[in-house]
Structures are given as C-alpha cells and as structure tokens.
Amino acid sequence: MKVNLSSFLGFMLLSLVSVEGVAQNDTTAIASSKELDEVIVKATQRKNTFSKLTRVVATITKEDLKVSPIHSVADVLSYAAGVDIRTRGPIGVQADISVRGGSFDQVLILLNGVNITDPQTGHHNLNLPVDISAIERIEILQGPGARSFGPNAFSGAINFITASSTNHQTRVSVAGGDFGFLSLGAITSASKGNFGVFVSANRQQSSGYVNNTDFEVNSYYGSFTYKNKKIGDVELSTGVQDKGFGANSFYSVKYPNEYEATKTYFSSLRWGKDFGIFNLSATGYWRRHFDRFELFRYDPLPFYKFHNYHRTDIYGGNLKLTVFSLLGKTLVGTELREEEILSNVLGNTLSKPVKIIGTNLFYTNGVDRLNTSAFLEHSCSFKNLFLSAGLMFNHSNDFGSSWYWGTDASYIFGGSGLKVFASANQSYRLPTFTDLYYKSAVHDGNPNLKPEKAITYEGGIKYEKGAWMGQVVAYRRLADNSIDRVKLPTDAKTTTRNLTDIHTTGVELTAAYNPNRKVLKAITASYTYQTQDKSSNEYISMYVLDYLTYKGTLSGTVGLAKDLSLNVRGCYQDRKGTYTNPNGVEVAYSPFFTLDAKLMYTYRAFSIFAEASNVLGERYYDLGNIPQPLRWFKGGIAVTF
C-alpha cells in the first residue's frame, strides 16, 4: 500500500472518533440573538447537517415517510424536486441518484453526517446499511457542498439521519403484495440514565415482476449512545446490508440473464463536547462493501471465465473545532480518508493475490488512494442579513492538491416570511475506480482521467409563513473536464473520457400548503426545468447527457375519516438522451407519468395500510431497455408497543 495503514488507524484512535460528519449544524445563539441556522442544535444531536438559511435544502420528515407509498429510499427520493432517481431493479434494489442534471457519481451520500459515498461506482451509493423504516429524516442539499465535505459533493449531497434512542418503543411490521413481495421488520429503542440503544432489522423479498427481477434484501442496524456532561457525548453505530437480485439487462441487452450480490458493512464511533463557546468533535468510520456481478446467472457461454468480484474499504477520521463569538460561528477542521479496492477486474496488478472469501478465486488487482483535507468556514449575521463563506484544501496522492471555495448570503424581510438568497460554490469530483480501470468486451476504462470541476451560481426567493411555503430557485453550473462514458457511432466499445465544458441551467419551483386539518392534511407541488448547452457532438453519451429536462410532482394527504388517511403522489418526467434497443437502434426516451397511492388506518397501537404503485399501469423506462414494474399492490400491518 502507498500509506502506512497502522499509522492511519492510530490517527483515528487519537481523534477519539466521533460526532456528526463535517459541517453539521452545531449551533448556539450568537450575541445578536439571531440563529445562524434554522434550529439550535448541539453537536451530537445529529439534526440538520446543512444550513437552511443560505442554501437550498429540502427535508423529508418521519411523517412524510410514514404516510407515503414507499418501501425504499429510492422510492421517496424520486419525488424530491431537482432529484433524479433511475432504477434498474424494483423497490430500490439498485438505483442511480443524481441532483440537478449531474451524473450518478456526482452526489455525496452521508449517513448521520458520515461520508459513505462508494469509491467503486455510484451504482452502489444507495446500498445503505439501514432500512427506510429506521430513517428519521432525509436532508437534500441541492447544489455543491465541496467546501464543507470535500471531493464528490459535486452537484448535491444527501444526508440520511437514523432514529434515536430517546423513546422507549418497539415496533414490528409485516407487509405483502404482488409478485411474491414480503417485508418483515422490527425496531426497538430504549434509554436509561446516560445510556441509550436503538436497533432495527428488516427483510424484503420478491419473486420479481418479470423474469430475473427477483430479490432478497436483509438490513440490520444498531446505535448505542452514552451522554455525560464531563466526558461528552459518545455514540457507536454499526450496520449491515446483505442483498442479492436478478439483474435483468442491467448492463447488457445481449446477455439479460445477469445477477448481482452486494454486502455492506458500516461502523462509526463519535465523540463531541462543549467547552463554553467552543465545541470539539471527532469522527472515525469504516465501510466495507462486497460486490459480485455475474454476467450469466445460469448456463454461461464458453467464453465466460469468471464473475466480477470487488471489495472496497473506506477508513476515515476527522477533527473539528467550532467557535461561537460576537463575530459569528467559525468552523475549522481536518479529515483523512483512505479508499481501497481489491478486485479481479479493477486496479493495478497485485504483487501477491488475495483470496476471495467463500471461493477458490483470488483478487488479482487493487489500488488505494488517500485524501487529506483541511477546511475553514465562517457564518455571521447582521440584523436580517446572513452570510457564510468557506474554503477547503484537499490533497489526493493520485490527483494532487486542489482548493475550492464557496460563499452564501440571504436576507430575511422582517416578519414577512420572505427571504432572498444567493450563492456561488466550486465543486470537484475524483474519478471512481470503475471510471479509471473497468474493461470489458464493450468498454475500456481510462486510467489517465482527470478530476472534473465546476462552479455553480444560484439565487432565489422563498416565502414561508404559517401553513404556506413557496420557493423559486434558478441555478447555473459551469463544469470542466466532465467524466462520461462515450463512443463514436462506428466504435465497438465505449470509453471513459473527460468531455470539455457542460453548462447546466435550471429552474425549480416548489409550493406547499400544510394546514393539518381534518380533511386536508397537506399538499405539495414542484416543477423542475433544466437544460445543458453542451451536446455530445459526434459521441453517443451513456450517462452525463441523459438528464431530466422536465420533472413535475404533486402529492397530497387527506383525512377520509377518523384515523383514516389517503396519500396520493403523481410524478411526470421527460428525459433528454437516447438508449440502444436490442436491435442496435438509438431510441429517444419517452416522457411518462406515474401515480402512487397509500391508504392508512391507525387505531391505538395498530396501523394498517393498503397501497398501489404505478396505479395507471404506465409502461416506462428509467434506464436503457429495463422495463419498470406495472401496477403493484401491497398491504401490511404494524404494531407499536
């Protein structure tokens, strides 16, 4: 390896490991009595990671998750403004996520503020070691966050926040539906004195809606907390997800009978403590991910020699100091992040092969890289004006050093509920290991790729008062060296390249009315339009230029009777770009509209639901030639005690 791993782990232990990921909202009231963030949050409460006063941040609450017809994070994110979810398998078995027209590798994924973004490929970013039922809230930063989080927060960042151990509660649930769907889940939490525990377990399975779309997903997650005024707050979290699924035409139309199995392990240890106007925190984490891809699930052809095996490891640690003063809030910190991969496909040839557990095969290739970063950020307010600016330095042993900056501003017009805001932020993304090294009969990687860079400008106006909320945002992202998988019409293979400039311009409109009355509980509508003024010219683009041009969503919850509610959600999408059909012909994506609905009845400790996804039976494609499920009915019951 290029770095001494034992020394690196020593740094993590010295860091004491733990608290929120970089740039959490640990706040206190400043001298002017103005809050720098929308809520006062102590360091280890794991609340809002992103500042809502000066950035565009969408929050999906526990109540939203409860009433919605969803069974995975991919399901719920598909309705968020500016977010594009492209699913290959059902119920989030595999889903690519992008924000504001970026690629699926350009979104940073966090779990309780810890960066768990997969360095192998963005296809694995939503392999979370926790089930949707254990998620308390989801925060979506629409726009770059590199100055706070480092590389890969290119077009946006998403933070998944798990439930806490503050309530003594146990919940068991069972659900079933079409295509052999079965879901079993249990959650329990308890606290006593300074100690708390939260544990969840879930299993989902289906026989598949068409041939070779069956799946099994098992998720286990636990967190253990200790809070002491003298020592500080400590939290240990750990989780596992084990998943196997039929991958019908995921990567090849010619060979549709594919299969994939993944397993994700995650652990983090956190510590944080207040020292008067100072808050000191540290975080350490480890994520391991296994991936086995089979081009032929059954009866392989003679040319097929072996499956693709990959194992990635991420080790990370950070230290952060926050200072509150008359000048505002100052945040300074540093982070180390080691990313490694062992593979029989990706990376450079190993001097000594490593045995693949459970097989007679070996990892023959591998590569590692170390990122070191330091960041400084300051936020302040002057009456109704809020300002924030930050700078980050990052050094990668493969790609050298880089600096990126960002600045945000907002102004609140007294008690009118009206706010205007503007920002300019740089972003930066390192190529994934797949970008650099993957080769096959139809594709060549490119180890000479450079990081892609961008600067994003945005501005908007927001009104929020009482039950009403409305927001209009405009943005423009100027990207250089954009990484894409492309080929010429005459080429037999695709290759990964740094295209030149891709300029993205977009507008987002959101409106909501939440009176929480007996009949009308809530209604939300959003509309997104974006365009990119860089075409692929003579190249056929596989990813970057297949973006959503139009997306419109409408959702509402109504009370039909006492304890009986109905949630209905509709989504219209129109995508730019084309895909190659089984006959080798380039076909443009067709727009489509999907409608989902969920009926829920709650009586004391019991809740019963019936739901239908794609109620209208729309035939549509999110990615290439992979047909999405038609109408799918599900129902279930949960008991809380």
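The values are calculated or read from the model by the stated rules, or taken from the named source; none is laboratory data. Bear in mind the structure is a predicted one, so any value in this text is a computation, not a measurement. Glycine gets a Cβ as well: all are built from the backbone with ideal geometry, and neighbour counts include every protein chain shown.
Is region 246-266 home to any residue that is basic (Lys, Arg) and modelled with pLDDT under 95?
Going residue by residue through region 246-266, those that are basic (Lys, Arg) are 254, 263.
Restricting the remaining residues to those that are modelled with pLDDT under 95 gives 254.
For region 246-266, residues basic (Lys, Arg) and modelled with pLDDT under 95: present.
Looking at residue 572, is it part of a strand (DSSP E or B), at pLDDT below 95 and under 28 Å from the mean Cα position of the chain (by Cα)? If you could, list the steps in order and put the result at the bottom.
On the way: part of a strand (DSSP E or B): yes; at pLDDT below 95: no; under 28 Å from the mean Cα position of the chain (by Cα): yes.
Here the answer is no, as residue 572 does not meet what is asked.
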Where residue 425 falls short, out of the listed (1) polar (S, T, N, Q); (2) assigned to a strand (DSSP E or B); (3) more than 19 Å from residue 107 (Cβ to Cβ): (3)
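Scanning region 513-529 for residues that are over 20 Å from residue 573 (Cα atoms) and out of contact with any Lys or Arg (no Cβ under 8 Å at 6 or more places or on another chain), which turns out surrounded by the fewest Cβ atoms within 10 Å (Cβ to Cβ)?
Start the filter on region 513-529 by keeping residues that are over 20 Å from residue 573 (Cα atoms), which leaves 513-522.
Subset that is out of contact with any Lys or Arg (no Cβ under 8 Å at 6 or more places or on another chain): 513, 516-522.
Details: 513: 16, 516: 11, 517: 11, 518: 10, 519: 8, 520: 15, 521: 19, 522: 19.
Per the stated criteria, the residue is 519.
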Some residue of region 85-92 being modelled with pLDDT of 90 or more, closer than 30 Å to residue 276 by Cα, surrounded by fewer than 24 Cβ atoms within 10 Å (Cβ to Cβ) and not polar (S, T, N, Q): no
Residue within region 622-638 that is assigned to a strand (DSSP E or B) and within 30 Å of residue 476 (Cβ to Cβ) present: no
So residue 533, is it acidic (Asp, Glu), buried (at least 17 other Cβ atoms within 10 Å of the Cβ) and under 30 Å from residue 484 (Cα atoms): no
Residue match in region 250-269 (condition: closer than 30 Å to residue 624 by Cα, in contact with a Lys or Arg (Cβ under 6 Å, 6 or more places away or on another chain) and aliphatic (A, V, I, L, M)): yes
Whichever residue in region 518-539 is in a loop (DSSP other than H, G, I, E, B) and among the charged types (D, E, K, R) and, among such residues, is nearest to residue 65 (Cα to Cα): 518
Odd one out for residue 190, checked against (1) modelled with pLDDT of 95 or more; (2) surrounded by fewer than 17 Cβ atoms within 10 Å (Cβ to Cβ); (3) hydrophobic (A, V, I, L, M, F, W, C): (1)
Members of region 147-187 that are of a type in the set (S, T, N, Q), farther than 24 Å from residue 127 by Cβ and part of a strand (DSSP E or B): 169, 170
Residues satisfying the stated conditions in region 338-389, i.e. of a type in the set (S, T, N, Q), under 30 Å from residue 419 (Cα atoms) and in a strand (DSSP E or B): 379, 381, 388
Of the criteria (1) farther than 24 Å from residue 304 by Cβ; (2) crowded, with 20+ Cβ neighbours inside 10 Å, which one residue 380 fails: (2)
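Output yes when any residue across region 259-279 is of a type in the set (Val, Ile, Thr), closer than 24 Å to residue 355 by Cβ and in contact (Cβ under 8 Å) with a residue 24 or more places away in the chain, and no when none is. Break it down stepwise before answering.
We begin by selecting, within region 259-279, every residue of a type in the set (Val, Ile, Thr); these are 262, 264, 277.
Checking the rest, the ones that are also closer than 24 Å to residue 355 by Cβ come to 262, 264.
The next check asks that each one be in contact (Cβ under 8 Å) with a residue 24 or more places away in the chain; those that pass are 262, 264.
Yes, the conditions are met somewhere in region 259-279.
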Checklist (1) of a type outside the set (Gly, Ala, Ser); (2) surrounded by fewer than 23 Cβ atoms within 10 Å (Cβ to Cβ); (3) assigned to a strand (DSSP E or B) applied to residue 75, failing item: (3)
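Kindly indicate which of 640, 549, 553, 580 is more than 25 Å from residue 206 (Cβ to Cβ), crowded, with 17+ Cβ neighbours inside 10 Å, of a type in the set (Val, Ile, Thr) and touching a residue at least 40 places away in the same chain (Cβ under 8 Å).
Details: 640 fails: crowded, with 17+ Cβ neighbours inside 10 Å; 549 fails: touching a residue at least 40 places away in the same chain (Cβ under 8 Å); 580 fails: crowded, with 17+ Cβ neighbours inside 10 Å.
Sole residue among the options that is more than 25 Å from residue 206 (Cβ to Cβ), crowded, with 17+ Cβ neighbours inside 10 Å, of a type in the set (Val, Ile, Thr) and touching a residue at least 40 places away in the same chain (Cβ under 8 Å): 553.
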Where a residue in region 459-471 is without any contact (Cβ under 8 Å) to a residue 40 or more places away in the chain and its partner, wherever it lies, is of a type in the set (Phe, Trp, Tyr), with Cβ under 9 Å and at least six apart: 459/421; 459/475
Any hit, region 405-415, residues being surrounded by fewer than 21 Cβ atoms within 10 Å (Cβ to Cβ) and either under 28 Å from residue 345 (Cβ atoms) or in contact with a Pro (Cβ under 9 Å, 6 or more places away or on another chain) (or both): no
Criterion (surrounded by fewer than 22 Cβ atoms within 10 Å (Cβ to Cβ), under 23 Å from residue 437 (Cα atoms) and touching a Ser or Thr at 6+ places or on another chain (Cβ under 6 Å)) met by exactly one of 371, 348: 371
All positions within region 463-517 that are in a loop (DSSP other than H, G, I, E, B) and hydroxyl-bearing (Ser, Thr, Tyr): 482, 490, 500
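Residue-by-condition table, conditions (1) touching a helix residue (DSSP H, G or I) at 6+ places or on another chain (Cβ under 6 Å); (2) at pLDDT below 95; (3) surrounded by fewer than 21 Cβ atoms within 10 Å (Cβ to Cβ):
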site: 130; (1), (2), (3): no, yes, no
site: 148; (1), (2), (3): no, yes, no
site: 166; (1), (2), (3): no, yes, yes
site: 175; (1), (2), (3): no, no, yes
site: 185; (1), (2), (3): yes, no, no
site: 194; (1), (2), (3): no, yes, yes
site: 197; (1), (2), (3): no, no, yes
site: 207; (1), (2), (3): no, no, yes
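A quick yes/no check of all residues on (1) without any contact (Cβ under 8 Å) to a residue 40 or more places away in the chain; (2) acidic (Asp, Glu); (3) farther than 21 Å from residue 260 by Cβ:
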residue	(1), (2), (3)
292	yes, no, no
295	no, no, no
315	no, no, yes
333	no, no, yes
336	no, no, yes
345	no, no, no
351	yes, no, yes
393	yes, no, yes
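Has region 129-140 got any residue that is touching a residue at least 12 places away in the same chain (Cβ under 8 Å), assigned to a loop (DSSP other than H, G, I, E, B), under 30 Å from residue 249 (Cα atoms) and in contact with a Gly (Cβ under 6 Å, 6 or more places away or on another chain)? Show your work before the answer.
So in region 129-140, the residues touching a residue at least 12 places away in the same chain (Cβ under 8 Å) come out as 129-140.
Add one more test, that the residue is assigned to a loop (DSSP other than H, G, I, E, B), and what stays is 129-131.
Filter again for under 30 Å from residue 249 (Cα atoms), leaving 129-131.
So of that shortlist, the ones also in contact with a Gly (Cβ under 6 Å, 6 or more places away or on another chain) come out as 129-130.
Yes, region 129-140 has at least one match.
Given the criteria under 30 Å from residue 486 (Cβ atoms), surrounded by fewer than 16 Cβ atoms within 10 Å (Cβ to Cβ) and of a type in the set (Phe, Trp, Tyr), does residue 539 qualify? Steps first, answer last, please.
Numbers: under 30 Å from residue 486 (Cβ atoms): yes; surrounded by fewer than 16 Cβ atoms within 10 Å (Cβ to Cβ): no; of a type in the set (Phe, Trp, Tyr): yes.
So residue 539 fails the test.
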Residue, surrounded by the most Cβ atoms within 10 Å (Cβ to Cβ), within region 494-512, restricted to residues that are over 15 Å from residue 82 (Cβ atoms), free of Cβ contacts under 8 Å to residues at least 40 places away in the same chain and not charged (D, E, K, R): 503
